[in-house]
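Since every read-out is calculated from the coordinates, none of them should be taken as a lab result. Small disclaimer: the values here were computed from a predicted structure and weren't measured. Reconstructed Cβ throughout: ideal geometry from the backbone, glycine too, with neighbour counts over all protein chains shown.
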Amino acid sequence: MIILAIESSCDDTAAAVVKDGRTVLSSCVSSQIEMHTIYGGVVPEIASRKHIEAVYGLADQALSDAGLARTDLDAIAVTYAPGLIGAVLVGVNFAKGAAASLGLPLIPVHHVRGHIAANYITHPDLEPPFVCLCISGGTTAIVDVKSYTEMEIMGGTRDDAAGECFDKVARVLGIGYPGGAPMDRLSQGGDDRKYELPVAHVAGAELDMSFSGLKTASLNLIHNAQQKGEDLDLPAFAASFGRAVSDSLVPRAMAALQAKGYGKLAVAGGVAANSRIRSDLQAACAQSRDKLYLPELRYCGDNAAMIGCQGYYEYQAGHLAGLDLNAYATRDISLG
Ligand code: KG4
């Protein structure tokens, strides 16, 4: 089954062609980062307008990279939630037009389910059930992936997402947007014990997390140093920050994994590219003798290949949409 997939939930327009859920025939991503960098964050209306300009050409590019014609397609899959609403609407509307004009089924895909499915591309042997730590710019959640299409949140952030926290701190340091990758690079070789940053615990909800305190403490530390005219040891600060984020995520992901007893932990989303989190998870899983699945770096961030992959399993489960499909800014992953 050949699916054309479309993704436009934030600041990347993406189109991909995926065969039978696991084989990526093409994957095209057009990033808007340069445009939003001027403002230090994503400007929603600009994002929507850039998606509108890019989506048609990108879909054609994905088809031509795959060496296929429109008549070779069996279905259209699209991210319909969650995300910046104006941005998601562009992809949904394009996908509806494509499905209607080609007479093909339309498959709605939850963006975070897509991130989880990125692991199926990298690991052909991975099958549910498993636990997935989903960490991106908008989501921080531990998900029980019971089957390809049955999922339940076991724990998550009560406030900011991990990626959002990376981005805000990096913005105040003036090291670029989005800030996760520059913070990661800056942290290499830094002393991760030099700055003591808080790791929050949510009373009565052992798998839940909170990153707003870490964000505030980090911003206060930066501002205090600036006001006193002191130089912050930037590599040590970035390393200490990375350690605090990892110390929030890794023990909880491991506790969720032990509670389920699946023996398989996957990681998903843009923050899954973080070197500290990856190595801490590798060490924890080696010690507990659980198997760890990390997506290839190019499938950690937003892309449409992961949407085509999850779209295949949604189709198998009969999850199709009509041409009245709407887009949603927020939506529980368990609802699909
Ligand atoms: O999955 P993604 O591309 O978009 C969403 O669906 O949100 O994730 C983007 C997030 C941004 O917050 C970015 O700073 C973060 O992923 N990120 C990283 C790294 N690379 C990207 N965070 C920490 N370390 C990285 N190496």
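Please give the peptides 122-131, 276-285 ranked by average Cβ packing (other Cβ atoms within 10 Å per residue), highest first, as a rough proxy for protection.
Top to bottom by mean Cβ count within 10 Å: 276-285, 122-131.
Can you bin the range 1-158 into rounded, prolate or oblate? Criterion: square roots of the alpha carbon gyration tensor eigenvalues sorted a ≥ b ≥ c, rounded for a/c under 1.5, prolate for a/b above b/c, oblate for the rest.
Oblate, since a/c reaches 1.5 and b/c is not below a/b.
Roughly what % of DSSP beta bridges within the chain run antiparallel, to the nearest 5?
60
How much of the DSSP beta bridge set in the range 127-297 is antiparallel, as a percent to the nearest 5?
About 60 percent, rounded to the nearest 5.
Gaussian network model of the chain, Cα springs within a sub-10 Å range: biggest mean-square fluctuation belongs to which of SER136, SER147, SER48?
SER147
Note down the magnitude of the dipole of the range 1-129 about its Cα centre, charges +1 on Lys and Arg C-beta and -1 on Asp and Glu C-beta and zero elsewhere, to the nearest 20 debye.
Here the range 1-129 has a charge dipole of around 240 debye.
Which one of ILE2, SER240, ALA98 is farthest out on the positive end of the charge dipole of the chain, using unit charges on Cβ (Lys, Arg +1; Asp, Glu -1) and the Cα centre as origin?
SER240
Taking only DSSP H segments of four or more residues, each worth -39500 (n - 2.57), what value at 222 nm results for the chain once the sum is divided by all its residues, to the nearest 500 deg cm²/dmol?
-14500 deg cm²/dmol
Give me the extension gain from ARG193 to ASN224: residue separation times 0.36 nm, minus the current Cα-Cα distance, reported in nm with one decimal. Could the numbers behind the result be given before it?
Details: separation 31, 0.36 × 31 = 11.16 nm, distance 1.89 nm.
Additional length available on full extension: 9.3 nm.
First obtain the Kirkwood hydrodynamic radius of the chain from its Cα pairs, then insert it into the Stokes-Einstein equation at 37 °C and 0.692 mPa s, and state the resulting D in µm² per second as a whole number.
My calculation gives 162 µm²/s for D.
Within the chain, which complete DSSP H helices have Cα atoms spanning at least 30 Å along the helix axis and a mean Kyte-Doolittle hydropathy of 0.5 or higher? Please list the in-between numbers first.
Details: long enough: 44-66 (31 Å, -0.18); 234-260 (39 Å, 0.59).
Flagged H segments are 234-260.
How would the range 75-188 be classified by its alpha-carbon gyration tensor: rounded, prolate or oblate, with rounded meaning a/c under 1.5 and the a/b versus b/c comparison settling the rest?
Oblate.
Summing +1 for each Lys or Arg and -1 for each Asp or Glu, what net charge is found among the other residues whose Cβ lies under 12 Å from the Cβ of ASN274?
Computed value for this residue: +2.
Please state, as a whole number in µm²/s, the translational diffusion coefficient that the Stokes-Einstein equation yields for the range 127-297 at 37 °C and 0.692 mPa s, with Rh defined as the Kirkwood radius across alpha carbon pairs.
This corresponds to a translational diffusion coefficient of 202 µm²/s.
Add +1 for every Lys or Arg and -1 for every Asp or Glu among the other residues with Cβ under 11 Å from the Cβ of GLU34, and state the total.
On the way: positive: LYS50; negative: ASP11.
In short, 0.
Around CYS300, with a cut-off of 14 angstrom between Cβ atoms, what is the net charge of the other residues, counting Lys and Arg +1 and Asp and Glu -1?
Values: positive: ARG278, ARG298; negative: GLU7, ASP12, ASP184, GLU296, ASP302.
It works out to a net charge of -3.
For the range 194-272, run through the GluC sites (Glu not before Pro) and keep only the ones in DSSP coil with at most 12 other Cβ atoms within 10 Å of their Cβ.
GLU196, GLU230
Note down the magnitude of the dipole of the range 127-297 about its Cα centre, charges +1 on Lys and Arg C-beta and -1 on Asp and Glu C-beta and zero elsewhere, to the nearest 20 debye.
160
What number, in percent, do you get for the relative contact order of the range 127-297 if the mean sequence gap of Cα pairs under 8 Å and at least 6 apart is divided by its residue count?
The value is 27 percent.
So what is the relative contact order for the chain, in percent, with contacts set as C-alpha pairs under 8 Å and at least six apart?
26
In terms of the Cα gyration tensor, with a ≥ b ≥ c the square roots of its eigenvalues, is the range 187-264 rounded because a/c is under 1.5, prolate because a/b exceeds b/c, or oblate?
Oblate, because a/c is 1.5 or more while a/b does not exceed b/c.
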